[in-house]
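Undergrad: Mind looking over this structure? Questions follow.
Every read-out reported here was derived from the displayed coordinates using simple, explicitly stated rules and does not represent laboratory data. Keep in mind that what you see is a predicted model, and the values were worked out from it rather than measured. Please note: Cβ atoms are built from the backbone with ideal geometry, for glycine as well, and neighbour counts cover all protein chains shown.
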Amino acid sequence: MRNMNIKSIQQWLSRAGELVNEFYNAPYRSAIARAKRDEDDLFMMLVFSEMMGVPNPASYYTLELQPLMLERFHDWHQRMGMEHSPLDHFRCC
Amino acid sequence: MNAIFVMLLGLAAMFLGYVFYSKFVAEKIYKLDPNFKTPAHEFEDGVDFVPTNKYVLWGHHFTSVAGAAPIIGPAIAVIWGWVPAFLWVIFGTIFFAGVHDAGAIWASNRNKAKSMGSLTGDVVSKRAQTLFMIVIFLVLLMVNAVFATAISGLLVKFPSSVIPVWGAIFVALIIGQIIFRKWMGLGTVSILGVVALYLLIWAGPSAPLSLPETMGGLTDNASWVLILFGYAAIASLLPVWMLLQPRDYINGLQLFIGLILLYAAVLLLGPDMTAPAFNTNLPENTPSMLPLLFVTIACGAISGFHGLVASGTTSKQLDKETDLRFVGYFGAIGEGSLSLATIIAACAGFATLADWEAVYSSFGQGGVAAFVEGGANIISQGVGLDNEIAETLLTVMAVLFAGTTMDTGLRLQRYIFQEWGNIYNISWMQKALPATLLAVISCVALAFGAGSDGSGGLAIWPLFGTTNQLLAGLTLMVITVMLVRLGRPMYVTLLPLIFLLIMTVFALFIQLKGFYMEENWFLFGLDIVVLIAAVWIALEATSALSNLKKEQKS
């Protein structure tokens, strides 16, 4: 019985914690996600810099990252209003 | 009359409004459908469109719409006696604000969560959208000028609040860092933050701080206005997580604590309403109650600003359509209850009628300072808090609310300038810093033009209220047109719209005469601009509705 009580209190507390977190984050979620997205876009541009004719000393490593960027790349070119990939050597959809 | 009775009567009326009237509006007029796929689900992207728990969404919506305005307005308007202000707040909340706020969420929700501005363009006409933008710009301009004036007045009158007010900003900065870097959980930080803030408030009276009365030819009020705009400009340029987010959060907690404290103190003390029910001994130059009451109390009875919040962020996070009854309508009730608390504080917080009349010596006097003094008297006698600490507490509450609105307003104004820079290809105006400077300059010009150096008081307040009501009128027009298109009864939104338009135009003419007599040409010109907007809205609404009638006949 006592165990049950402690458990339910713990559950209640963690639920309250979730709600408070939501209350803190909900108003600014979009502004912060937008800022993060801008930074991610910049990172992606760095990864693809070689293809755009910008010399990149780390191209050996960024090449490995390209497949991982596939989904984000798709989001990005759609968001920028381009139906297909703008890069010649990197196809997408 | 005893304040407990007033308080219970008001709260009960608003609650009944929620139980019955909002149910009627939600089921019969807006016909909310629990199975409608809301934009939050349809376009869910984790950025703007996120389905959110309805209590969280309510908390967010309520704290975004409730600021200093529902305190300042009623605190000025009780000069005509407490009964008119009380009735307008209660009936305004039930029949105007709740319907307007919930309606704005509904309209946006049914139109891919578009903002009220672009909805006006889609639903009414492109002309009306231009008008909407102009009115928004005017509201933002005035809100910053008005709040800077109100805050500077408070900081001069209550020097004990200076250290807690600015200290609160540092507390928020620290909290922002702690949460952003995940050093501690939010629960712990909240408690620490609130404790730190209250320690500052407790320490405030022992370290009062005031500026020299004149500094470089400026009065202390004027210096505070400049300092405030300097602060707001910097704050509006910082990343949101650094200052805005933690400060909004602390303000939200403050709002709940303050409301509970005030209502509890009223219950414990049970003071009498010392202010007259209807003031027959009005100070000279007080404008007539009809129509000025209806523009002096904007937020707290109906406010167009809510429509911007409702259609801007709230509608994008609505989990189920039926939630909007609680979020929108009950959000309005939350704000109404803040105004009700203000009325009680400003009318029951003074020992005698003579004390009260000394505070309300002329129109625009009293105001938020009366709320602070009266509220502090009630709290100190009701819960036994030291009077000076209670004064500091309420001042800090009001100042922080107004401050948040100021830098959000400045940020929005900056966006508008940047957009103009885009449209007209002015490259320097597209940058954040110059655009912010333009916004600050226009607001400071208005603040000083309206007599913020301490001479004019809040002369511009009713004009701000009028513009805010016009914005509400535009939103009501959009909802009405949508209802007519759907073949549903329109009187629920049309009657408030007509009432608002009549009162605002009437009030604008009276103020026009007042500014002319005072030879205040700056405000006179501004009044004419607002008047043109008001007449334009009336014409726009008439033509939209008559076109619809024709369409339906043919």
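Undergrad: Report the semi-axes of the equivalent ellipsoid for segment B:426-554 in whole Å, largest first, where each axis is √(5λ) for an eigenvalue λ of the Cα gyration tensor.
TA: 35, 21, 12
Undergrad: Using the crude model of +1 on Lys and Arg Cβ and -1 on Asp and Glu Cβ, and no other charge, please compute the dipole size for the protein assembly as shown relative to its Cα centre, in debye to 20.
TA: In total the dipole reaches around 1640 debye.
Undergrad: Among B:TRP428, B:TRP241, what is the fewest-to-most ranking by other Cβ atoms within 10 Å?
TA: Fewest-to-most Cβ neighbours within 10 Å comes out as B:TRP428, B:TRP241.
Undergrad: As a footprinting exposure proxy, order B:VAL359, A:VAL54 by other Cβ within 10 Å, with the fewest listed first.
TA: Sorted ascending by nearby Cβ count, the order is A:VAL54, B:VAL359.
Undergrad: Sticking with this one: For segment B:153-311, give the magnitude of the charge dipole about the Cα centre (Cβ charges: +1 Lys/Arg, -1 Asp/Glu; no others), in debye to the nearest 20.
TA: 560
Undergrad: I would also like to ask the following. Which length gain, in nm to one decimal place, applies between B:THR286 and B:TYR424 when the Cα-Cα distance is subtracted from 0.36 nm times their residue separation?
TA: 45.2 nm
Undergrad: Could you list B:VAL535, B:VAL505 in order of exposure, starting from the residue whose Cβ has the fewest other Cβ atoms within 10 Å?
TA: Result, fewest neighbours first: B:VAL535, B:VAL505.
Undergrad: I need the helices of chain B that pass two filters: whole DSSP H segments spanning 30 Å or more by Cα along the axis, and mean Kyte-Doolittle score no lower than -0.5.
TA: Those that clear 30 Å and a mean of -0.5 are B:126-157, B:244-269, B:387-423, B:461-485, B:491-518, B:521-553.
Undergrad: Further question: What's the FRET efficiency of B:GLU518 with B:ALA351 using the Cβ-Cβ distance as r and R₀ = 41 Å, to the nearest 0.05?
TA: 0.75
Undergrad: Using the Cα centre of segment B:3-553 as the reference point, and only Cβ charges (+1 on K/R, -1 on D/E), how large is the resulting charge dipole? Debye, rounded to the nearest 20.
TA: 1880
Undergrad: Further question on the same structure: Checking the cross-link filter: which aspartates and glutamates have an alpha carbon closer than 20 Å to that of B:LYS23, excluding same-chain neighbours under 8 positions apart?
TA: List returned: B:ASP33, B:ASP101, B:ASP319, B:GLU321, B:ASP323, B:GLU335.
Undergrad: Further, regarding this structure: Mind giving me the nanometre distance, one decimal, between the label points for B:GLU27 and B:MET133, set 7 Å out from Cα along Cα→Cβ?
TA: Label-label distance for B:GLU27 and B:MET133, simple model: 4.3 nm.
Undergrad: Moving on to the next point. Quickly work out the A:LEU46-to-B:ASP386 label distance, labels modelled 7 Å from Cα along the C-beta direction, and quote it in nm with one decimal.
TA: Here the modelled spin labels are 5.4 nm apart.
Undergrad: Right, something else. For labels at B:VAL47 and B:SER362 in the simple 7 Å Cα→Cβ model, what's the distance in nm?
TA: In this crude spin-label approximation the distance works out to 5.3 nm.
Undergrad: Which one, B:LEU140, B:SER161, B:LEU9, projects farthest toward the positive side of the charge dipole computed for the protein assembly as shown from Cβ point charges (K/R +1, D/E -1)?
TA: Comparing the listed Cα positions along the dipole, B:LEU9 ranks first.
Undergrad: Remind me, relative contact order of chain B in percent, using alpha carbon pairs under 8 angstrom and six or more residues apart?
TA: It comes to 30 percent, rounded to a whole number.
Undergrad: Here is a follow-up. Looking at this model, which pairs from B:LYS31/B:LYS316; B:LYS37/B:LYS114; A:LYS36/B:LYS316; B:LYS31/B:LYS112; A:LYS36/B:LYS320; B:LYS28/B:LYS320 are more than 23 angstrom apart at the alpha-carbon?
TA: Correct reply: A:LYS36/B:LYS320.
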